[in-house]
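Notes follow once the structure below has been shown.
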Amino acid sequence: MISILFFAQLQESMGQAQMEVPLAGKTVAEVKAWLEKEYPLLSLAQVMTAVNEEFARDQTIVNEGDQVAFIPPISGG
Amino acid sequence: MQENKFEIVDQPIDVEAMRAKVMDRNAGAVTLFIGTVREMTKGKKTLSLQYEAYAPMAIKMFEQIEREILEQWPDVRLAITHRVGLLAISDIAVVIAVSSPHRKVAYEANEFAIERIKQIVPIWKKEHWEDGTAWIGDQLENVPYPNGRPEEAE
């Protein structure tokens, strides 16, 4: 299993901050595609991804126990 | 003195404590950037702001910003605290403290830090207006990210 974190508008559209999904071994792009298929209201088009608190690329492989966070456009400061 | 250089807090930020964190006997200048909640943005009246952070990653990104600053300006000391939760107009959202032997570097490194915060630190603000709310993003018009993440600073 991998754990997925949602923030800001993603958290509101999902109605939850965190979920576990059986997608170890997939790429970030595959995880995104899977989620968008399961949750048609979820759009990850302009969203960055972090794996274990580091920015990751679409081709990054996620491993068992990894934490994958979807990061919509940020607005701190 | 080295602990708590970078923090995400849900209470008001003590500006003087931020200055103290970067004080150094070799410092000849301290710059403090204080980001506050603005009422009017493009003609629209903000009632309050809500900030949310992915705190553990935000701290890591603050540490990355420190590494980038030390590469350019090795004699600088840096501390950053960002507040989360519900903030009112004029509340302090972020404080960046930089000390340096000389003033020019203290200004430059401080500006570099706020620009990088807006690029790479996972913090979001939600505007509450009289007629609704919205999560704000893309203030720098730097999305979408063709490589899936922000570009590294030079």
Problem - Residue list for the range A:7-48, filter: more than 28 Å from B:VAL84 (Cα to Cα), of a type in the set (D, E, K, R) and surrounded by 13 or more Cβ atoms within 10 Å (Cβ to Cβ) - result: A:LYS26, A:GLU30, A:GLU36
Problem - Selection count where residues are exposed (fewer than 15 other Cβ atoms within 10 Å of the Cβ) and not charged (D, E, K, R), scope the range B:97-116 - result: 2
Handout entry: Pick from the range B:63-75, criterion open to solvent by less than 70 Å² (accessible area, probe 1.4 Å) and in contact with a helix residue (DSSP H, G or I) (Cβ under 8 Å, 6 or more places away or on another chain), ranking: nearest to the other protein chains (Cβ to nearest Cβ)
Key = B:GLN64
Problem - Meets criteria (within 13 Å of chain B (Cβ to nearest Cβ) and either farther than 30 Å from B:PHE112 by Cα or in contact with a His (Cβ under 9 Å, 6 or more places away or on another chain) (or both)) for A:ALA17 - result: yes
Handout entry: Test result for A:LEU41, more than 9 Å from chain B (Cβ to nearest Cβ) and modelled with pLDDT under 95
Key = yes
Exercise for the section: Tell me, please, whether a residue that is basic (Lys, Arg), over 18 Å from the mean Cα position of the chain (by Cα), open to solvent by 40 Å² or more (accessible area, probe 1.4 Å) and at pLDDT 95 or above can be found in the range B:16-29. Expected result: yes
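Do the conditions hold for B:MET57, that is, is it in contact (Cβ under 8 Å) with a residue 40 or more places away in the chain, closer than 14 Å to B:ALA113 by Cα, surrounded by 14 or more Cβ atoms within 10 Å (Cβ to Cβ) and not basic (Lys, Arg)?
Values: in contact (Cβ under 8 Å) with a residue 40 or more places away in the chain: yes; closer than 14 Å to B:ALA113 by Cα: no; surrounded by 14 or more Cβ atoms within 10 Å (Cβ to Cβ): yes; not basic (Lys, Arg): yes.
So B:MET57 does not fit the description; no.
To keep it simple, each residue is scored yes or no on (1) in contact (Cβ under 8 Å) with a residue 24 or more places away in the chain; (2) among the basic types (Lys, Arg); (3) surrounded by 19 or more Cβ atoms within 10 Å (Cβ to Cβ); (4) farther than 17 Å from A:GLY77 by Cβ.
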residue: B:LYS45; (1), (2), (3), (4): yes, yes, no, yes
residue: B:ALA53; (1), (2), (3), (4): yes, no, yes, no
residue: B:ILE80; (1), (2), (3), (4): yes, no, yes, no
residue: B:GLY85; (1), (2), (3), (4): yes, no, no, no
residue: B:ALA93; (1), (2), (3), (4): yes, no, yes, no
Exercise for the section: Looking at (1) facing chain A (nearest Cβ under 7 Å); (2) modelled with pLDDT of 95 or more, find the lone condition where B:TYR145 falls short. Expected result: (2)
Handout entry: Hits in the range B:30-43 (condition: open to solvent by less than 80 Å² (accessible area, probe 1.4 Å) and either hydrophobic (A, V, I, L, M, F, W, C) or over 15 Å from the mean Cα position of the chain (by Cα) (or both))
Key = B:VAL30, B:LEU32, B:PHE33, B:ILE34, B:VAL37, B:GLU39, B:THR41, B:GLY43
Problem - Any hit, the range B:69-77, residues being in contact (Cβ under 8 Å) with a residue 40 or more places away in the chain, touching an Asp or Glu at 6+ places or on another chain (Cβ under 7 Å) and farther than 16 Å from B:PHE6 by Cα - result: no
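I'd like the full set of residues that are more than 10 Å from every other protein chain (Cβ to nearest Cβ) and open to solvent by 30 Å² or more (accessible area, probe 1.4 Å), limited to the range B:117-132. Step through it out loud before you land on a result.
First, pick out the residues of the range B:117-132 that are more than 10 Å from every other protein chain (Cβ to nearest Cβ): B:128-132.
Within the range B:117-132, B:HIS128, B:TRP129, B:GLU130, B:ASP131 qualify.
Need at least 3 residues that are among the hydroxyl-bearing types (Ser, Thr, Tyr) per element, so show me which strands (runs of 3 or more DSSP E) inside the range B:21-139 make the cut, counting only ones lying wholly within it. Show your work before the answer.
Working: elements: B:29-36, B:44-53, B:77-83, B:85-88, B:92-100, B:123-129, B:132-136.
Once the strands (runs of 3 or more DSSP E) in the range B:21-139 are filtered for at least 3 residues that are among the hydroxyl-bearing types (Ser, Thr, Tyr), what remains is B:44-53.
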Completion exercise
Sole miss for A:GLU54 among (1) over 23 Å from B:ILE114 (Cα atoms); (2) facing chain B (nearest Cβ under 9 Å); (3) not aliphatic (A, V, I, L, M) is condition (1)
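The values are calculated or read from the model by the stated rules, or taken from the named source; none is laboratory data. As the structure is a computational prediction, the values presented were derived from the model and not from experiment. Cβ atoms come from the backbone with ideal geometry, glycine included; neighbour counts cover every protein chain shown. Just the protein is used for accessible areas: all its heavy atoms, side chains included, with ligands, DNA and RNA removed. Shrake-Rupley method; radii C 1.70, N 1.55, O 1.52, S 1.80 Å.
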